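Worksheet: one structure, shown below.
The values are calculated or read from the model by the stated rules, or taken from the named source; none is laboratory data. Since the model is a prediction, treat every value here as computed from it, not as a measurement. All Cβ positions, glycine included, derive from the backbone under ideal geometry; neighbour counts span all protein chains shown.
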Amino acid sequence: MNNDINRFIDRNWHHYATQYPSFKLYQDWDLYKDSNGKKISYLVEFSPSTENIPKLINKIKKHLEIADHVYVDLGEPGFSYKDINAPIDKTTGRPTGRYYGTVDFINDNFKQSDRVTFFGCVVPLKQTVRPLYFFNDMFFQDILLYQTNDFCIDLLKKLKSYNNKKQHCWEIMCSRHTDIYKQLKNHAVDGSTFSTCHVLGISSWSKDVVAPTNTPAENINNNSNIRCSDLIDPEIYNKSYYSCVIETVIPADNSFAMFSEKEAKPIIAKRPFIIVGSKDHLKAFRKLGFKTFSPVIDESYDDEPNKDKRVKMIFDAMEKLNRRNPIEVYQELESILEYNKQHFENRSNWNKEFLDAWRLGTIN
């Protein structure tokens with residue numbers, strides 16, 4: 001462990017940092033700037049909005065002027081934003097023009113020679129000029145959330161076996177994806193699917209979990225890093241066999257695949273699922289060491305670049321699976337479901353680059 005480094009830490013760089021409190025850490029810019037010896041900066045951004053992106057870029061470049069290396073934790077990795085200097089739409093009050101994403105953020109604002117490395121719960125599907133390493137932040141508090149937290153352990157205990165007869169084949173939470181919700185309502189699979197769309201006020205939070213007051217990503221209380229969206233709702237899982245998960249950000253250019261609690265929950269519950277995300281989202285998932293469910297689930301949709309066509313292919317695959325006996329499906333997928341859960345909860349599989357950056361002060 002290298003203690004002979006001046007470390008600047010931006011707020012609470014990450015909860016992992018608290019495991020290594022022996023370092024001398026600076027939070028005062030002037031003291032850090034005037035310190036002698038090697039300097040490494042650890043910066044974080046949890047709200048990469050259109051307004052905050054320019055501030056983050058300026059902060060990174062400010063640190064690059066004096067630091068030997070800058071590490072940036074993208075707490076919201078799959079983000080999208082617009083150019084804040086673009087003309088304002090009078091109706092929405094927002095800048096006009098296209099949305100930019102995580103890969104754009106790196107490639108448009110940094111050079112290959114810049115001493116900056118990024119981390120996030122995202123897999124780039126296009127080359128980045130600077131490294132972007134995957135950080136398993138799918139459950140923000142801890143990947144062992146459903147092994148160590150009593151509340152979450154109790155939720156798992158309330159799940160009924162797939163042998164129990166269920167009302168629906170699928171459950172899908174559309175959250176703010178109104179376009180996908182409307183597309184679902186025009187597809188035959190809607191008749192066998194329990195669906196919600198939070199932004200339209202169509203929600204279902206059972207008494208077993210904690211309902212958000214604003215956004216599903218808010219914490220369940222002030223003393224916890226557990227988000228409302230991290231909670232497996234036994235009532236929803238007990239009324240359906242499979243999950244269709246829709247990722248938060250689906251970039252139009254298919255430049256990255258983000259991962260979150262949306263995949264983590266069915267993984268932990270050992271439940272088959274299908275992903276509405278970018279083209280090659282499943283390839284990215286397998287790159288992380290997970291296994292997917294083909295040929296039991298038709299995963300040809302992963303090759304389709306057009307989002308609307310890809311979503312239709314996903315709904316078609318869901319409808320196709322409906323024709324099979326769920327008990328046989330679970331039995332056929334049993335080894336994959338168990339493998340994915342074990343892979344997810346094995347700490348040694350994750351975040352080596354992140355931890356090396358923190359513990360060893362590795363320059364990348």
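The table that follows gives values for the structure above.
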quantity	calculated
Search result, residues across segment 143-155 that are surrounded by 15 or more Cβ atoms within 10 Å (Cβ to Cβ) and either assigned to a helix (DSSP H, G or I) or without any contact (Cβ under 8 Å) to a residue 40 or more places away in the chain (or both)	145, 146, 151, 152, 155
Filter result for the condition that a residue is out of contact with any helix residue (DSSP H, G or I) (no Cβ under 9 Å at 6 or more places or on another chain), part of a helix (DSSP H, G or I) and either among the hydrophobic types (A, V, I, L, M, F, W, C) or closer than 30 Å to residue 305 by Cα (or both), over 111, 182	182
Residue 302 vs. criteria in the same structural domain as residue 158 (by TED's automatic domain parsing) and either part of a helix (DSSP H, G or I) or of a type in the set (S, T, N, Q) (or both)	yes
Subset of segment 229-268 (residues that are among the small types (Gly, Ala, Ser) and either over 13 Å from the mean Cα position of the chain (by Cα) or in a helix (DSSP H, G or I) (or both))	229, 240, 243, 252, 255, 264
Search result, residues across segment 350-359 that are modelled with pLDDT of 90 or more and more than 17 Å from the chain's Cα centre (by Cα)	352, 353
Set 283, 291: member being under 19 Å from residue 138 (Cα atoms) and in a loop (DSSP other than H, G, I, E, B)	291
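To keep it simple, each residue is scored yes or no on (1) at pLDDT 95 or above; (2) among the aliphatic types (A, V, I, L, M).
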site: 172; (1), (2): yes, yes
site: 181; (1), (2): yes, no
site: 193; (1), (2): yes, no
site: 222; (1), (2): no, no
site: 237; (1), (2): yes, no
site: 245; (1), (2): yes, yes
site: 271; (1), (2): yes, no
site: 283; (1), (2): yes, no
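So that you can scan it fast, the table gives a plain yes or no per residue for (1) over 27 Å from residue 100 (Cα atoms); (2) out of contact with any Ser or Thr (no Cβ under 6 Å at 6 or more places or on another chain); (3) touching a residue at least 24 places away in the same chain (Cβ under 8 Å):
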{"position": "297", "(1), (2), (3)": "yes, yes, yes"}
{"position": "311", "(1), (2), (3)": "no, yes, yes"}
{"position": "317", "(1), (2), (3)": "yes, yes, yes"}
{"position": "323", "(1), (2), (3)": "yes, yes, no"}
{"position": "326", "(1), (2), (3)": "yes, yes, yes"}
{"position": "349", "(1), (2), (3)": "yes, yes, yes"}
{"position": "352", "(1), (2), (3)": "yes, yes, no"}
